[in-house]
Amino acid sequence: MSTSIARPMNIALGVMLIVAAAFLISVQDVIVKWFDGVLPLWQLFALRGFFTAPLLLIFAWLTIKSGPLLAHALSPWALLRGFCIAFGLFGFYAALPFISLATAGAGIYLAPIFMTLFSARLLGEPVGRRGWVGVLLGFVGVLVLLKPGSDSFSPWTILPVIGASFYALGHTLTRMKCQHITTPALAFSYNVTMTFGSLAVSGILVLAPPSPDLAQSLPFVFGDWQMPSLPLWGALVGMGGIFAAIAILLSAAYKIAPPPTVGTFEYSYLIFAVIWDITVFGLVPNVTTLVGILLIVAAGMLVLRR
């Protein structure tokens, strides 16, 4: 399933882009967690997508020198890639109101471990002994972090782990099948899948509404759309700009450097998440959480490619 299209290699630039993206993602996640109980998740993403779209179109108009934007953005591989990333992030954000930012981040950042497996299978990149040790260590870290079977286990912690597999597959497809698609087109496609995916879920909830008790207990996931206040509109506009920058940075980073390498440095998100948990939400991670996070980070370092 390898492709004959040449894959560029600029690891230094890829690392800088992904660290910048990780910081912006952490800022966005603080805002999303703040929206808990104010607007449902699907309305939040749908409205954000409408503010993001014109910014991405402007970026495309300024940077693309050839090739139609929409034809590339709506191509099957670009849409499949965007769907995988969007589905993965839906799992992450759905869990966010119920667990700490650092715990959710550790779950979704199993993605480099999955990227190693996908790269070996789909791109023909060998894993090696150290890589397999990293895969095993990463899953041990998840078990330590999630504590299945204990009284402190929360089923919400499973969602980011499931999301990590789809997130990893999407970024592996970026390098495997989307080299001919421009970065603005990939970013626009990503926004399209997130926005229309949110609208689709909202439509399903309208046609098949959950029970009132479920909607009342989990308003962030199953609640009805609300009319945002003026400050909320301002926050949504700001999120649109942040998401546009994230989509561009992610698309560029995973196009110019190997997915396992870029994904490993995306772990910098966990540093930002712990800082936000402590300073904004007053949540200090316990020893078990820190050990699980460190194991997952160490696993990512083991699968790092030169």
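See the values below:
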item: Projected-area average for segment 105-192 over all orientations - Cα convex hull basis, square nanometres; result: 6.9 nm²
item: Normalised convex hull volume, the chain, alpha-carbon set, Å³ per residue; result: 137 Å³
item: Amide N of segment 48-63 lying under 14 Å from the label point, which is placed 7 angstrom from the Cα of Leu199 along Cα→Cβ; result: 48-54
item: Calculated [θ] (222 nm, deg cm²/dmol) that DSSP helices of n ≥ 4 give over the chain, each run adding -39,500 (n - 2.57); result: -24500 deg cm²/dmol
item: Spatially near lysine pairs across segment 11-302, Cα under 24 Å, sequence gap of 8 or more or different chains; result: 4
item: 5 Å binning of all Cα-Cα separations within segment 180-306, expressed as whole percents from 0 upward; result: 2, 8, 10, 12, 15, 17, 17, 12, 5, 1, 0
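No lab work stands behind these numbers, since they all come straight from the coordinates. These figures come from a predicted structure and were not determined experimentally. Positions of Cβ are generated from backbone atoms using ideal geometry, with glycine treated the same way; all protein chains shown enter the neighbour counts.
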